[in-house]
Amino acid sequence: MDFFGVGSNAFLGNEVATNTHGVTLRHAYVSWNRWLAGQTWSNFQDPAALPDAVDFVGVTEGTIFVRQAQLRYPRGPWSFSVENPETTVTPYLGVGARVSSDDNSVPDVTARWIGKGPWGHFSVAGVLRQFKYQNVAAGIDDSATGGAVSVSGKFNLGSSDDLRYMLSGGSGIGRYLAFGLGSDTMTAADGSLEPLDGLGGFVAWRHVFAPRLRGNLMYSTARFDNDAAISGLGATESAQSWHANLIYSPLPKLDIGAELGWGQRALESGAEGDLRRIHTHVKYSF
């Protein structure tokens with residue numbers, strides 16, 4: 001469990017008297033004789049490629065990041081799964097909030113291959129998806145299909161350096177990429193579902209300066225192929241960020257870190273905005 005994401009709900013967490021906070025589920029699964037059933041990282045995601053960041057993920061734009069219920073079966077370097085489906089929909093011309101339909105009848109299907117060695121690891125994954133949205137009041141009842149591919153890994157550059165990377169793209173990748181920065185689909189004027197193409201990736205260099213001191217330099221980006229005549233001009237066209245950090249470990253499982261970050265988001269209208277942040281953390285791993 002963690003306390004990330006729902007603390008703003010007055011019934012789940014507040015600062016009035018007891019400073020309670022909402023609890024969210026991270027992982028809850030069982031495994032037996034190779035099979036895994038329950039909620040954990042999607043088989044389409046490669047957690048081992050994630051950078052050593054102070055910010056929660058850091059390379060948010062280019063990261064495949066989903067935890068969900070699934071049934072998974074690994075066999076040698078391969079793993080296969082059927083996973084919880086969900087379709088996110090941007091209304092026609094962006095009028096109204098993004099919709100999570102909850103109308104799917106077919107699970108997401110994934111496959112992954114991974115190769116490992118002293119040099120690090122390399123992985124290729126794919127996902128096939130059904131998109132479905134029903135809205136009786138708006139006269140919408142349509143489905144579509146899509147899929148995406150992700151390549152990722154970690155390459156050791158000697159004893160003090162490594163390179164971590166990910167590149168992912170496809171049709172209707174929105175929910176899996178960049179924490180849902182883009183939606184899976186858009187609705188056209190006639191109510192039909194149009195899957196949104198997206199592409200994102202990151203690269204991160206990690207260097208160990210001393211046994212207790214390390215640093216990371218990261219770049220991340222994502223881009224979406226919106227049809228402005230359907231999505232409207234308020235849809236996200238692209239986003240990118242840079243991060244640099246230093247992390248000191250006075251004890252084997254204790255990290256004290258600081259990270260500088262710069263990010264930028266661009267809309268189909270041509271409008272842009274950026275941010276500059278400094279993050280700090282004290283983290284104990286167990």
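Read-outs throughout are calculated quantities, based only on the coordinates presented, and are distinct from any laboratory measurement. Keep in mind it's a predicted model, so treat the numbers as computed, not measured. All Cβ positions, glycine included, derive from the backbone under ideal geometry; neighbour counts span all protein chains shown.
Bridging of LYS253 to lysines at a Cα separation below 19 Å is possible for LYS283, once same-chain residues fewer than 8 apart are set aside. To the nearest 0.05, how large is the calculated FRET efficiency for ASP141 and TRP119 if R₀ is 35 Å and r is the Cβ-Cβ distance? That gives a FRET efficiency of 0.10.
Within the straight-line cut-off of under 16 Å between alpha carbons, the aspartates and glutamates reachable from LYS154 are ASP46, ASP52, ASP162, sequence neighbours fewer than 8 places apart in one chain being disregarded. The equivalent ellipsoid of segment 200-252 has semi-axes of 38, 9, 7 Å, largest first, where each one is the square root of 5 times an eigenvalue of the Cα gyration tensor. Once every DSSP H run of n ≥ 4 in the chain is given -39500 (n - 2.57) and the sum is divided by its residues, what mean residue ellipticity at 222 nm do you get, rounded to the nearest 500 deg cm²/dmol? It comes out at 0 deg cm²/dmol, rounded to the nearest 500. Charge dipole (Cα centre; +1 on Lys/Arg Cβ, -1 on Asp/Glu Cβ; no other charges) of segment 218-270 amounts to roughly 220 debye.
Close amide H contacts of ASP103 (hydrogens built in the peptide plane, cut-off under 5 Å, sequence separation of 5 or more or a different chain): THR87.
Compactness of segment 163-286 is given as radius of gyration and Dmax, 18.4, 61 Å, from Cα positions. For the chain, a simple Cβ point-charge model (Lys and Arg +1, Asp and Glu -1, everything else neutral) yields a dipole of about 1380 debye relative to the Cα centre. Size estimate for segment 241-286 follows the Kirkwood approach: the inverse of mean 1/r over distinct Cα pairs works out to 12.5 Å. What net charge is computed for the residues neighbouring SER79, neighbours being all others with C-beta under 15 Å from the C-beta of SER79, Lys and Arg scored +1, Asp and Glu -1? Around SER79, the surrounding residues sum to +2.
Relative contact order of the chain: 14 percent, from C-alpha pairs under 8 Å at least 6 residues apart in sequence.
Were the residues from ILE256 through PHE80 laid out at 0.36 nm apart, the gain over their Cα-Cα distance would be 59.6 nm. Amide H contacts of LEU157: ASP162, LEU163, each under 5 Å away and 5 or more positions distant or on a separate chain (H built 1.01 Å from N in the peptide plane; Pro and chain starts excluded). In this label model, ALA229 and SER100 are separated by 3.3 nm, measuring between points 7 Å along each Cα→Cβ vector. Under the convention that each Lys and Arg Cβ holds +1 and each Asp and Glu Cβ holds -1, the size of the dipole of segment 146-286 around its Cα centre is about 1040 debye.
Taking a Cβ cut-off of under 15 Å around TYR133, the surrounding Lys, Arg, Asp and Glu residues balance to a net charge of -4, with basic ones at +1 and acidic ones at -1.
Here the peptides 214-227, 117-130 are ranked by packing, the mean other Cβ count within 10 Å, and the order with the highest first is 214-227, 117-130. All Cα-Cα separations within segment 40-284 were binned at 10 Å from zero, giving a P(r) of 8, 28, 31, 22, 9, 2, 0, each value a whole percent of the pairs.
Extending 7 Å from the Cα toward the beta-carbon at both ALA244 and LEU157 defines two label points whose distance is 1.5 nm. The slack in the chain from TRP35 to ASP2, taken as 0.36 nm per residue of separation less the alpha-carbon distance, amounts to 9.3 nm. Spin-label pair SER285-PHE179: with each label point 7 Å from Cα along the Cα-Cβ axis, the two points sit 2.1 nm from one another.
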